[in-house]
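Here's the structure we're looking at; comments come further down.
The values are calculated or read from the model by the stated rules, or taken from the named source; none is laboratory data. None of these values were measured; they are calculated from a predicted model. Every residue, glycine as well, gets a Cβ built from its backbone with ideal geometry; the counts of neighbours run over all protein chains shown. Ligands, DNA and RNA are excluded from the accessible area calculation, which covers all protein heavy atoms including side chains. Shrake-Rupley method; radii C 1.70, N 1.55, O 1.52, S 1.80 Å.
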Amino acid sequence: MSLLAVRDLAIHIPQGDSGRGVGVARPVDGISFDIAAGECYALLGESGCGKSMTALGLMRLLPPGARAASGTVSFAGRELLALPESSMREYRGGQIGMIFQEPATSLNPVLTVGRQIIEALELHSALRGEAARERAMELLAQVGIPDPGRRLDEFPFQLSGGLRQRVMIAIALAGAPKLLIADEPTTALDVTIQAQVLDLLDELRRTQGMALLLITHDLGVVARMADRIGVMYAGQLVEEAPRAAFFARAAHPYSVRLFAALPDAQRRGGALATIPGSVPPADTQHGGCRFVERCGEAREDCRRAPPPWRELGAGQRLRCVLERAPEVSTKVGAGNTATTPVAPPLLDVQDLRVHFPIRRGVLQRQVGAVRAVDGIALSLAPGRTLALVGESGCGKTTAGKALLQLIRPTAGSVLLDGAELTTRSTAELRPLRAKMQMVFQDPFASLNPRLRVGEIIAEGMRALGVGAGDTAPRVAALLQQVGLRPEMAARYPHEFSGGQRQRIAIARALAVKPQLLVCDEPTSALDVSVQAQILNLLSDLQRELGLAYLFITHNIAVVDYLAHQVAVMYLGRIVECGSADEVLRSPRHPYTQALLAAVPRIDGAGREVVKLEGDMPSAANPPAGCHFHPRCPIAGEECKRDYPGETRIGATQVVRCFKAA
Amino acid sequence: MLAYIVRRLLYAIPILIGVNLLTFALFFVVNTPDDMARMQLGVKRVTPEAIQKWKAERGYDKPLLWNSAAAGSAAVTDTILFSKSVRMFVGDFGRADDGRDIAREITSRMGPSLAIAVPTFVLGLFVAISFALLLVFFRATALDFAGVVLCVALMSISGLFYIIGGQWLVSKVWHLVPISGYGGGLDAGKFLILPVIIGVFGGIGGSTRWYRTIFLEEISRDYVRTARAKGLPERVVLFRHVLRNALIPILTGVVVVIPTLFMGSLLTESFFGIPGLGSYTIDAINAQDFAVVRSMVFIGSVLYIVGLLATDISYTVADPRVRLQ
Amino acid sequence: MMFQPVILWSDALLFLLILAVIGLAVWARREDNLRAAWSRVLRDPVAMSAATVLAAFVVIGLLDSLHYRVRLEGKAGEPVRYAVELNSALDALLANLRTRPEKTYSAPLATHLYAKETSTDGTQRDFPRLKHGGAHLGENLDVHGADIAKRALFGAAAGALLWFAMHLALRRLKARRCGIQADGAGGAAQAVAWGAVSLTLAPMLVLGGAIVALSGGYHVLGTDKVGQDVLYLTLKSIRTGLLIGTLTTLIMLPLAVLLGILAGYVGGWVDDLIQYLYTTLSSIPGVLLIAAAVLMMQVIIDTHPDWFASSAERADARLLALCLILGMTSWTGVARLLRGETLKLRELEYVQAAQAFGVGRFAIMGRHILPNLMHIVLIALVMDFSGLVLAEAVLSYVGVGVDPSTISFGTMINTARMELAREPMVWWSLAAAFAFMFALVLAANLFADAVRDAFDPRVAK
């Protein structure tokens, strides 16, 4: 018998305020699945598919306005939706634990960690006082928090993101639940921390016999964790399969395209498969298959009625009328496009430093500095892509802004096309601004909501006097170039989806005909199918316009697909750089090795794993010697004393590690 | 943390100097003492001698900033700026127009002011927070809606109405308590109860609505969802999690007014004939006694700055993020 | 010309404000975001109901702002002369209230004075008849009640008829609007809660009709100490309340917006200076600063009687000065709020994108910061209104409000409260002032809430 059985669960949100007529949004529209004891079931899908809403519905923690309109949720034989609220509370935390995406906001900031765990213990066990404290300490130790006795009396803000998520897990474990719901548990974490947390969840599942409902958009995480997978689309499940079957032969056109949209090294130089359009809003009325508008293989009967479930055998079933899974052609590129640079570098950065002063005391004297960027050197040729890779807090975004002079560097030199930038005044910089532009991470914050798209794109042209005269034809041309329609210039940003906004942001940057584009995580806020669209666009533009990209990212797969050269940053310094092939295929720095090994892979194959313990130290107080030595598995005595110099390996690869020579 | 408090204290000094200069400019530069004398004496009886006499009696016959006639340091000290403004820093407020010592008057009137203001403040805070919690507990129900409507209606009524209506109903129609007056000791109770109740009632609409907004903002945060996912009952979620966090924004608005309680409430004291600082101020305004108004402005600012400091300190108690960094 | 138009400073500012509001409305119609937010307000029945009440107040206030002097009768050939007394269009409309003073207090709808007086022959003390109130009844006082009922019913019926006509007109308008929009897209977004407007108009018109009919023969709300009609005083108070509620915020806004944005965006010593400025100003308790400033201003006005041509101008100057002082003491809150928001906006990526184009500081502040703060400015504007109307009453009571000769809710309450001690009590002046003030402030509060909900991005939609 299954531990959890969900049947035809539908969640409705009445849309009162939509003018006339009362519409109903159906973020979850009749889904059914089972989870067996000790099983890991993954709900996979893009944002807006109703995954989180399903989880909240199971816990009966729906946001105000939303309600479970129909269906049943039976847990260990009891019908949860019919329980009175007081009995439901015993299931929450006691039988079903839950952890959330944002560990930073999911813990109460003014209560100690211990208080928050003990609170759950007192609720679901007979432990009180010292015994509860003992147990809380055990739980912290169990989730791998070092020095649990001290941590109990600390507040959440004193912990790093990874530790906070471990505390969340400890809270969820306090009631010894039979099922743990993990809603995007690692999305907000860095890959090395993600690897730690996923390991922990997997281990807990095995040792405690706890079932896991994992909600994620990340195929890599699914491959690493799940026993069975349910693919969600627009409020419904469209495919369900055991892991092996799913990764061997995903059957639904949506699942197939999710795989094809993933960037990796094999597809470099080619185009990624994309899914046109975006997930339909939750108040859409569906007649036929929900995916029909974005499906390349849709037939006439797909529009008429929703396709029924169809068994494929071996536990795999799908909702699609197609007999065979579609072949989605992804043009496989030439693979390695690394040719030796011929042109002199467009961008040449030497010893760039950005230090932020730390002020303390009565007189606010400077007592130290956060060395966000601490002496990096980069060089980028026209028409090439350099990826600056690192985890959050390593200084990569600061570096990008500093070389555009959006943040004035503390020291160092930045040569753009032979012109020194750091010594110029704001006015002297203006003529050079047309040569370098930036594309930002958050497509929702990077466009002024009060300006029309046309005005947004024309802003740079006007400010820099590029293409004097009428800007309208140029705006229209740019919109077409990034794959939008010219008449969209008259609209406001809020009418566009995330992917479209990112296209607008790219058009804005292109408007002044730059030679260098600094792209700061341009796809990390986007779903994988939309990410593919943007990556395709960027590589098309590079081919047509000969743009050079400085690509700032933490996503190794994107780097693998796109970059010619790679520089890996750790705590303000570049620890390894070279051609993409050399750095990604034969990494020499232990940090690079760990970073690459931490990325969950969809083929399930792991490299020999280099596990990293702990978190990145603070840039205000970096460790002496090699910054990486406290976490390094192979650190020796010399590593604690001195920062290693550069060691050249191969044609382009340079490593700063004593052990790499 | 100590450095933080010391820094805030140091920051108060330039602000007090600014307030002092501002009041000086307002009272002695915008209008010269001659103008004030002319107005005080009435247009008809103004003669240069009368003006001189008026000024000399009050010490306004000195030069504003620099006394070139005086020798040594007296050139600075024997001026209006020094004798009327700078000396307020050491608590020397001079004499009112009726000849009484302002500082002594203030100390004797502080008691009655506090006797009204402190109970009003404490009771008002308690009632409004309880009421707001009640509304939040029943949020999105008819009770909540009715409560909000009631709050808006209460907010829309003039404070004068509460006082006049309350006095009329309780004292005149029901004859429960004296209509106004003040007595010492236990006797004070019967004079205080009505103004306190009216004070609480008059403020309840606005503050309840404000607290409700803060609670609702807190209740939509992620950590509340975590608390519910633990299986905590709504009551515990509200009191242990939401209230603790909502305290931080509430403190911002509340602590800062505590020191200014000394100033008393202008309207209440004047309507109920309570000999506190509020009625003192109103009497001074009506009598156009500039020396008293000037002193009250300065004291008010000092108390406000003390309130700001108290707010900063209260954060360190309520918010571990401030305390530990 | 039978009269000479006079434009007081406050009139000019008020009409400028109305023009600005109309201009903004035209502009807002073309801006998608603004139109969407306003259409949320238009759809909200409570807001529209409140807006209807507010509109009535505004119409009265505007009528009261059209000032003129009457031409005096003179022989031909003499230079044309105008009366010293300043009248407004409202005064003309209410002529029969204004020009029929009694001797002293009389209760609402009364026929006799409120106090006994010794009759002319000195023999007996009695309540004398009013000169105007109920004068048409003559000696036939038995029909007093019936006459009131008849007039009230007649007036109410006329009001109801008028309402019905307006209701039909509204429905026609609505039907035509819907017809047009059925063709175009986004018709649903334009729905206006006309039902609420109509429903609010009904009691207003019925009550108004009854009052108009009654005021032909009686003092509907009684008369005050000097025999002035209380209804007239109350209606005249509206303009003062509106002026203080709107002009104050308007005077302070440019300063608050400029300094708030400068402090937030430029930072450094500019920020330090502006912060110091507003911390210093806000550290002085508001009432005391206002009291001090008003006292000082009074000295200026008193010592310069030659600046003003008439007492009306002097009272107007004092009113404007009060607005200015209230504005100077209340800009600090808005400036602080805007500074905080600017600090957040400054870090947003679209501002950085503009910086990457080398767009100048002031262009960024004007193009990227200010438009994204306008909702805060608007919310501050509507939220402050009701507080200021209430504050006027308190300040006038304290003696630092409007000129005693200016008719306002505050001066009405201030003169009336002395009479509370009388036995029996004179209650109608107070009641009228409080009731009208309550209606105005409640409508403003409800409308402000709707505006805030529609414009504040944090409020879930």
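Worth a mention:
- Solvent exposure ordering (accessible area, 1.4 Å, most first) of B:R240, A:R543: A:R543, B:R240
- Helix axis angle, B:48-58 relative to chain B longest principal axis, alpha carbon, degrees: 50 degrees
- A:F356 accessible area, 1.4 Å probe, all protein chains in place, Å² to nearest 10: 80 Å²
- In the range A:250-335, Cα pairs under 8 Å separated by at least six residues give a relative contact order of 44 percent.
- Here the range C:237-455 is treated as a Stokes sphere of Kirkwood radius computed over C-alpha pairs; at 10 °C and 1.306 mPa s its diffusion coefficient rounds to 82 µm²/s.
- Cβ-Cβ FRET estimate between C:L162 and C:R35, R0 fixed at 25 Å, reported to 0.05: 0.20
- Alpha carbon convex hull of chain A, volume per residue in cubic angstrom: 189 Å³
- Applying the Karplus relation 6.51 cos²θ - 1.76 cosθ + 1.60 with θ = phi - 60° to the range C:246-261 yields 3J(HN,Hα) values of 9, 5, 4, 5, 5, 5, 7, 4, x, 5, 4, 5, 4, 5, x, 5 Hz, where x marks Gly and Pro.
- Above-threshold pairs, the threshold being 26 Å between Cα atoms, out of C:K150/C:K236; A:K178/A:K611; A:K396/A:K640; C:K103/C:K236; A:K401/A:K611: C:K150/C:K236; A:K178/A:K611; A:K401/A:K611
- A 1.4 Å probe run over the protein chains yields, for the protein assembly as shown, 42 Å² of accessible area per residue, whole-number rounding.
- If R0 is 51 Å, the Cβ-Cβ spacing of C:E85 and B:L186 corresponds to a FRET efficiency of close to 0.30.
- A:V518 long-range amide H proximity, modeled H, under 5 Å: A:Q437, A:M438, A:V439, A:L550
- For the range B:1-133, the relative contact order comes to 13 percent (Cα pairs under 8 Å, sequence separation of at least 6).
- For the pair A:A314 and B:F239, label points projected 7 Å from Cα toward Cβ lie 5.8 nm apart.
- Farthest positive-ward along the range C:237-455 dipole, Cα basis, beta-carbon charges - from C:G387, C:Y350, C:S283: C:Y350
- What you get for chain A, charging only the Cβ of Lys and Arg (+1) and of Asp and Glu (-1), is a dipole of about 880 debye around the Cα centre.
- Heavy atoms of A:R166: accessible area, 1.4 Å probe, square angstrom to 10: 30 Å²
- Calculated translational diffusion coefficient of the range B:219-298 (10 °C, 1.306 mPa s; Stokes-Einstein with Kirkwood radius over alpha-carbon pairs) equals 99 µm²/s.
- Of the solvent-accessible surface of the range C:237-455, computed with a 1.4 Å probe over protein heavy atoms with every protein chain present, carbon and sulfur atoms account for 68 percent.
- Dipole magnitude (debye, nearest 20) for the range A:250-335, charges at Cβ of Lys, Arg, Asp, Glu: 100 debye
- The share of alpha-carbon pairs in the range A:250-335 lying farther apart than 18 Å comes to 51%.
- Accessible surface buried upon B-C contact (total; probe 1.4 Å; Å², nearest 100): 3900 Å²
- Using only alpha carbons, the range A:2-226 has a radius of gyration to Kirkwood radius ratio (Rg to Rh) of 0.98.
- Karplus-derived 3J(HN,Hα) values for the range A:237-250, using 6.51 cos²θ - 1.76 cosθ + 1.60 with θ = phi - 60°, are 7, 10, 8, 9, 7, x, 4, 4, 5, 5, 7, 7, 8, 4 Hz; glycine and proline are entered as x.
- Relative contact order (%) - the range C:237-455, alpha-carbon pairs under 8 angstrom, separation at least six: 29 percent
- Cβ neighbours within 10 Å from other chains - mean over A:448-454: 5
- Shape class of the range A:86-146 from the Cα gyration tensor (axes a ≥ b ≥ c, square roots of the eigenvalues): oblate, since a/c reaches 1.5 or more and a/b does not exceed b/c.
- Solvent-accessible surface ranking, highest first, for C:H167, C:H368, A:H494 at 1.4 angstrom: A:H494, C:H167, C:H368
- For the range A:2-226, size of Cβ-based charge dipole, Lys and Arg +1, Asp and Glu -1, in debye: 380 debye
- Cα-based equivalent ellipsoid, the protein assembly as shown: semi-axes from gyration tensor eigenvalues, Å: 66, 39, 34
- Potential extension, B:T32-B:R321 segment - 0.36 nm per residue separation minus Cα distance: 98.9 nm
- The accessible-area ordering, largest first, of the residues C:I60, A:I574 stands as C:I60, A:I574, per a 1.4 angstrom probe.
- Heavy atoms of A:Y643: accessible area, 1.4 Å probe, square angstrom to 10: 50 Å²
- Bridge type composition, the protein assembly as shown - antiparallel percent by DSSP, nearest 5: 65 percent
- Here the Karplus relation 6.51 cos²θ - 1.76 cosθ + 1.60, evaluated at θ = phi - 60°, turns the backbone of the range C:64-80 into coupling constants of 6, 9, 8, 9, 7, 10, 7, 6, 7, 5, x, 6, 4, x, 6, x, 5 Hz, with x for every Gly and Pro.
- Inter-site label distance for A:D642 and A:V362 at 7 Å from Cα along Cβ, in nm: 4.4 nm
- Cα-based radius of gyration of chain C once divided by 2.2 N^0.38 Å, which approximates compact folds: 1.15
- Here the Kirkwood formula, the inverse mean of 1/r across different C-alpha pairs, assigns the range C:167-322 a hydrodynamic radius of 21.8 Å.
- Top positive-direction residue, dipole computed over the range A:250-335 with Cβ charges, set A:Y254, A:A271, A:V328: A:A271
- Estimated FRET transfer efficiency when R0 is 41 angstrom, pair A:L83-B:W210 (beta carbons, to 0.05): 0.65
- Taking 19 Å as the straight-line reach from the Cα of C:K131, the aspartates and glutamates in range (excluding those fewer than 8 positions away in the same chain) are C:E102, C:E117, C:D121, C:E139, C:D142, C:D147, C:D224, C:D229.
- Protein heavy-atom surface of the range A:71-139, 1.4 angstrom probe: 50% of the accessible area is carbon and sulfur, with nucleic acids and ligands not counted.
- Average other protein chain Cβ within 10 Å of Cβ, residues B:150-162: 6
- Alpha-carbon spread of chain B, three principal axes, descending order, Å: 82, 58, 35
- Across peptide C:369-379, the mean count of Cβ atoms from other chains lying within 10 Å of each residue's own Cβ comes to 1.
- Ranking B:L277, B:T77, B:L251 by how far each Cα lies toward the positive end of the dipole of chain B (charges on Cβ) leaves B:L251 at the top.
- Rounded to 5, percent antiparallel among DSSP beta bridges of chain A: 60 percent
- Portion, in percent, of the accessible area of the range A:250-335 that falls on carbon or sulfur, probe 1.4 Å: 51 percent
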